[in-house]
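Engineer: Here it is: the structure, laid out below.
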Amino acid sequence: DGIARFVAEAQITAQLEHPSVVPVHEIGIMPGGMPYFSMKLVKGRSLDDIINHLRVNDREFHRTYNQLARLRLFQRICQGMAYAHAKGVVHRDLKPANIFVGEFGEVQIMDWGLATTVKSLPDYDEDPVSTVRTAPGMNTYGGAHAGTPASLSPGHARGEFRQTGPRFGLCAAGLTR
């Protein structure tokens with residue numbers, strides 16, 4: 001159900017209080033029954049855009065995003081994802097288009113619409129994230145292919161949905177190529 005997915009995305013994102021996860025300010029229902037959520041306005045460029053500029057040897061981008069700067073961005077992304085994993089959340093659609101970089105190098109991991117909660121992670125936090133999908137009949141992703149095909153982790157692409165976890169998500173970000 002699309003509404004359950006939308007509400008779950010808002011709930012997951014709102015519970016991930018980390019500098020690399022864009023904050024949700026409000027979740028509600030509009031007149032007429034449609035749910036909404038409002039988030040911080042994110043300014044910057046997608047990591048996808050930055051990578052494309054680097055590929056065509058844009059000098060300005062090579063100066064701004066030198067090797068050390070790229071390593072710092074990668075570290076911030078990893079810190080944000082490690083935090084989400086500690087809260088029992090796997091993004092499942094981590095890719096350069098879903099990562100924004102601000103003018104001062106701040107990283108915002110976006111689009112948690114395919115995220116899922118996993119209670120069997122090794123370093124599982126005592127204060128896990130929960131969503132409407134934990135209610136009976138609300139698990140919207142069981143056995144379904146979802147996400148960007150080129151960014152899927154190998155396990156997800158093979159249909160190994162029961163093995164969802166951090167090791168099936170980080171390599172899909174397009175950052176390890």
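Engineer: Please verify whether the range 2-24 includes one or more residues that are open to solvent by 30 Å² or more (accessible area, probe 1.4 Å) and in contact with a Phe, Trp or Tyr (Cβ under 6 Å, 6 or more places away or on another chain).
Structural biologist: yes
Engineer: Still on this model: Among the residues in the range 45-58, are any over 26 Å from residue 118 (Cβ atoms), among the hydroxyl-bearing types (Ser, Thr, Tyr), in contact with a strand residue (DSSP E or B) (Cβ under 6 Å, 6 or more places away or on another chain) and not in a loop (DSSP other than H, G, I, E, B)?
Structural biologist: Checked against the condition, which is being over 26 Å from residue 118 (Cβ atoms), among the hydroxyl-bearing types (Ser, Thr, Tyr), in contact with a strand residue (DSSP E or B) (Cβ under 6 Å, 6 or more places away or on another chain) and not in a loop (DSSP other than H, G, I, E, B), the range 45-58 yields at least one hit.
Engineer: Given the condition out of contact with any Lys or Arg (no Cβ under 8 Å at 6 or more places or on another chain), assigned to a helix (DSSP H, G or I) and farther than 24 Å from residue 6 by Cβ, answer yes or no: does some residue in the range 86-109 qualify?
Structural biologist: Yes, some residue in the range 86-109 is out of contact with any Lys or Arg (no Cβ under 8 Å at 6 or more places or on another chain), assigned to a helix (DSSP H, G or I) and farther than 24 Å from residue 6 by Cβ.
Engineer: Please verify whether residue 31 is out of contact with any Lys or Arg (no Cβ under 7 Å at 6 or more places or on another chain), within 30 Å of residue 1 (Cβ to Cβ), open to solvent by 40 Å² or more (accessible area, probe 1.4 Å) and outside any helix (DSSP H, G or I), treating the condition exactly as stated.
Structural biologist: yes
Engineer: A further question follows. Tell me, please, whether a residue that is out of contact with any Asp or Glu (no Cβ under 9 Å at 6 or more places or on another chain), under 15 Å from residue 106 (Cβ atoms) and without any contact (Cβ under 8 Å) to a residue 12 or more places away in the chain can be found in the range 1-13.
Structural biologist: No, the conditions are met nowhere in the range 1-13.
Engineer: What pairs come up if the first residue lies in the range 56-84 and is surrounded by 11 or more Cβ atoms within 10 Å (Cβ to Cβ), the second is in a loop (DSSP other than H, G, I, E, B), and their beta carbons are under 6 Å apart, counting only those six or more places apart or on different chains?
Structural biologist: Listed by first residue and then by second, the contacts come to 74/175; 76/20; 80/18; 80/20; 83/18; 84/16.
The values are calculated or read from the model by the stated rules, or taken from the named source; none is laboratory data. These numbers come from a predicted model, not from an experiment. Don't worry about glycine lacking a Cβ; one is built from the backbone with ideal geometry, like all the others, and counts go over all protein chains shown. Remember, those area values only see protein heavy atoms, side chains included, never the ligands or the DNA or RNA. Shrake-Rupley method; radii C 1.70, N 1.55, O 1.52, S 1.80 Å.
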